[in-house]
Every structure is written in C-alpha cells, then in structure tokens.
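Notes follow the structure.
The values are calculated or read from the model by the stated rules, or taken from the named source; none is laboratory data. Everything numeric here is computed off the predicted structure, so don't read it as measured data. Please note: Cβ atoms are built from the backbone with ideal geometry, for glycine as well, and neighbour counts cover all protein chains shown. Accessible surface areas use protein heavy atoms only, side chains included; no ligands, DNA or RNA. Shrake-Rupley method; radii C 1.70, N 1.55, O 1.52, S 1.80 Å.
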Amino acid sequence: MDHRRFTGWLDAAIEQAEKSWREGGIPIGSVLVDDSGQIVARGHNERVQSGDPTAHAEVVCIRHAGRRRDWQTLTLVSTLSPCPMCSGTAILFKIPRVIVGENQTFTGAESWVKQNGAEVIVLNDPRCVELMERMQREKPDLWAEDIGE
C-alpha cells in the first residue's frame, strides 16, 4: 500500500498535536477523513486545557464530527496509537480504518481494533515520534498522567 496518500492527513493531525503543545497540552492530534479524502473533523488532546480526562485527541475529533450516519466510511488518523478508550470509540462507530502516526513511544489497543474488523496502518512517522519523545523528556509527569501511571 502506498502510504504517501496519507501524508496530508497526517500533516493535519500533526498540526493539531502542535496546537495542543503550544496551548500547554499533550501533543496528540487527530483527523477524520471521508471516503473522498476530505477532512471532515479535527481535534487535539485537550485534557490539560479543559480538565476533562476523556478529552483525548481522537474523542475530541469524533465529537467535532457531530452526528453522522457515515461513520463506516470514515478513516481516523491519529499521531499516536489510540488508547483503549479512543480505540473503543472507533470500534463503537465502526470506523473501518485507523491510521497511526507512530506506536513506538506508546502502543494502544491496536490489536483490539483489528479484532473488531478495522484496518490499522502504522506509519511510524519520525515527526510523531519526536513529538512524544519531547513531551516525555520535558514533561514526564504529564506523560505518566496521560497514560494512567
């Protein structure tokens, strides 16, 4: 599979992650893409900014998508491997494809997503790795809080 077609989508998710970091939050971003390749929603982790522990990038992005009936045609793109909560949200709405920017710094519930019939594509983009490594280096307590340690 030619992963170059995902580059623009991942770029948009990275923009969201960088936005969160600039706001003092966790640098994880996400976008939802329709079957024509258009981004229909964007989101970034807002846990720090909002005080909401469920405000992960993927959940925020799905919230921004609003009420829809075409979930089964969408693609979820995230800069980091989705945690069990975010994976469960994708499973609940039967999103058939999840594109992961990287899973080296954290591997979420990818196998569970696959077991529920979705395709998982891991890009291991160095920009996404650097975002998380920077947070782990500069804000280790925030990283531990985000992954529930």
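Within segment 1-23, track down each residue that is out of contact with any Gly (no Cβ under 9 Å at 6 or more places or on another chain) and either modelled with pLDDT of 95 or more or open to solvent by less than 30 Å² (accessible area, probe 1.4 Å) (or both).
Passing the criteria: Phe6, Asp11, Trp21, Arg22, Glu23.
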- Any idea which residue in segment 1-40 is nearest to Arg68 (Cα to Cα), counting only those that are in a loop (DSSP other than H, G, I, E, B) and hydrophobic (A, V, I, L, M, F, W, C)? Ile28
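Report yes if Glu46 is surrounded by fewer than 24 Cβ atoms within 10 Å (Cβ to Cβ), charged (D, E, K, R), closer than 15 Å to Trp143 by Cα and at pLDDT 95 or above, otherwise no.
Taking the combined requirement at face value, the residue satisfies it.
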- Query: Looking only at segment 78-92, which residues are in contact with a Leu (Cβ under 8 Å, 6 or more places away or on another chain) and either open to solvent by 50 Å² or more (accessible area, probe 1.4 Å) or not aliphatic (A, V, I, L, M) (or both)?
  - Reply: Thr79, Pro82
- For segment 61-77, does any single residue satisfy the condition of being closer than 18 Å to Ile147 by Cβ and surrounded by 22 or more Cβ atoms within 10 Å (Cβ to Cβ)? no
- Query: Can you name every residue in segment 41-54 that is outside any strand (DSSP E or B) and charged (D, E, K, R)?
  - Reply: Glu46, Arg47, Asp52
- Which one is farthest from Ala17 (Cα to Cα) among residues in segment 101-118 that are without any contact (Cβ under 8 Å) to a residue 24 or more places away in the chain and open to solvent by less than 70 Å² (accessible area, probe 1.4 Å)? Gly117
- Message: Cβ-Cβ under 9 Å, sequence separation 6+ or interchain: first residue in segment 121-142 and closer than 21 Å to Glu110 by Cβ, partner of a type in the set (Lys, Arg). Which pairs?
- Response: Ile121/Arg97
- Return the pairs, sorted by first residue and then second, in which the second residue is open to solvent by less than 50 Å² (accessible area, probe 1.4 Å) and in a loop (DSSP other than H, G, I, E, B), the first residue lies in segment 45-59 and is closer than 11 Å to Ser20 by Cα and among the small types (Gly, Ala, Ser), the beta carbons are less than 6 Å apart, and the residues are 6+ apart or on different chains. Ala57/Ile28; Ala57/Asn45
- Scan the helices (runs of 4 or more DSSP H) fully inside segment 70-149 and keep the ones with 3 or more residues being under 17 Å from Phe6 (Cβ atoms). 126-138
